[in-house]
Amino acid sequence: MSQATTLTPFEILARYERLSLVHASETPEKLEAPGLWRGIGYRAGSRLFVSGIEEINELLAPPPLTSVPGTQPWLLGIANVRGNLVPVIDLARFLFGERTLQTERSRLLVVRQGGGSVALLVDEVFGQRTVDAEQRRDAEPEDDARLSRFVEDRVGEQRLALFSMNRLVRAPDFRQAAA
């Protein structure tokens with residue numbers, strides 16, 4: 001007779017619990033390890049970015065927009081997001097002058113700004129990214145003058161640009177959407 005048949009159902013469940021806890025014991029330590037920075041990865045135009053997870057309030061599929069006459073071409077319009085009117089900005093057009101073609105992968109990053117929120121249209125979102133202390137040490141400075149005021153460094157093998165949403169929403173030219 002095998003050992004499994006001599007164990008009571010409670011003992012079998014207790015054994016499974018012990019085995020599962022052995023594998024899960026490292027997870028909380030890794031998530032809360034000092035020196036780790038967490039962000040949301042996304043693409044705007046041909047560039048890859050990551051912004052602090054605390055800077056992005058929400059990710060949405062682009063809803064219908066109402067255009068606003070007399071504004072900069074990068075202000076796509078206003079969207080109704082759960083009863084709140086939110087301006088929608090084409091991030092690639094603001095940064096590079098390149099219009100974002102909306103696809104099924106396009107998303108809005110909703111960011112807090114002053115007295116409300118603003119939504120940034122990006123080509124796609126890659127999800128959560130983690131940057132460790134070693135990647136920060138090996139970071140390269142941003143060499144694109146259009147981005148250097150918003151990007152601290154570029155990190156990792158993909159050279160993700162660490163993009164500051166706080167700097168973006170405080171930039172005078174971003175806040176002035178009138179044409």
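Any read-out appearing in this document is the output of simple, stated calculations on the displayed coordinates, not a laboratory observation. What you see is a predicted model, and the numbers here were worked out from it, not measured in a lab. Every residue, glycine among them, receives a Cβ derived from its backbone with ideal geometry; neighbour counts consider all protein chains shown.
Running a GNM on the chain with Cα contacts under 10 Å, which residue among 145, 119, 14 ends up with the highest mean-square fluctuation?
14
Only one of the listed values, [x] 9, 29, 24, 9, 7, 6, 6, 5, 3, 1, 0; [y] 9, 31, 27, 13, 9, 7, 4, 1, 0; [z] 9, 27, 28, 20, 11, 5, 0, was derived from the coordinates as P(r) over Cα pairs in 10 Å bins from 0, in percent; which label is it?
So the structure-derived entry is [y].
Would you work out which of 68, 8, 161 lies farthest towards the positive end of the dipole of the chain, given +1 charges on the beta-carbon of Lys and Arg and -1 on that of Asp and Glu, about the Cα centre?
Towards the positive end, the residue furthest out is 68.
Arranged from highest to lowest average of other beta-carbon atoms within 10 Å per residue, in what order do the peptides 58-69, 166-177 appear?
Taking the mean over residues of other Cβ atoms within 10 Å, the ranking is 166-177, 58-69.
Helix-derived [θ] at 222 nm for the chain: sum -39500 (n - 2.57) over DSSP H runs of at least 4, divide by residue count, nearest 500?
So the calculated ellipticity at 222 nm is -6000 deg cm²/dmol.
Once phi is turned into θ = phi - 60°, what whole-Hz ³J(HN,Hα) does the Karplus curve with 6.51, -1.76 and 1.60 give for every residue of segment 143-151, x standing for Gly and Pro?
9, 8, 4, 5, 9, 4, 6, 10, 10
Please compute the contact order of segment 33-175 in relative form: average sequence separation of alpha-carbon pairs under 8 Å and at least six residues apart, divided by the residue count, as a percent.
Relative contact order here is 27 percent.
Using a Gaussian network model of the chain with C-alpha springs under 10 Å, which one of 11, 142, 157 is most mobile by mean-square fluctuation?
In the Gaussian network model the winner is 11.
Rounded to the nearest 20 debye, what is the charge dipole size of the chain about its Cα centre when +1 sits on each Lys and Arg Cβ and -1 on each Asp and Glu Cβ? All intermediate terms of the calculation are to be shown ahead of the outcome.
On the way: 22 positive and 24 negative charges, 113 e Å.
So the magnitude is around 540 debye.
Nearest 10 degrees, 0 to 90: what angle lies between the long axis of helix 9-24 and the longest principal axis of the chain (Cα atoms)?
Helix 9-24 sits at roughly 40 degrees to that axis.
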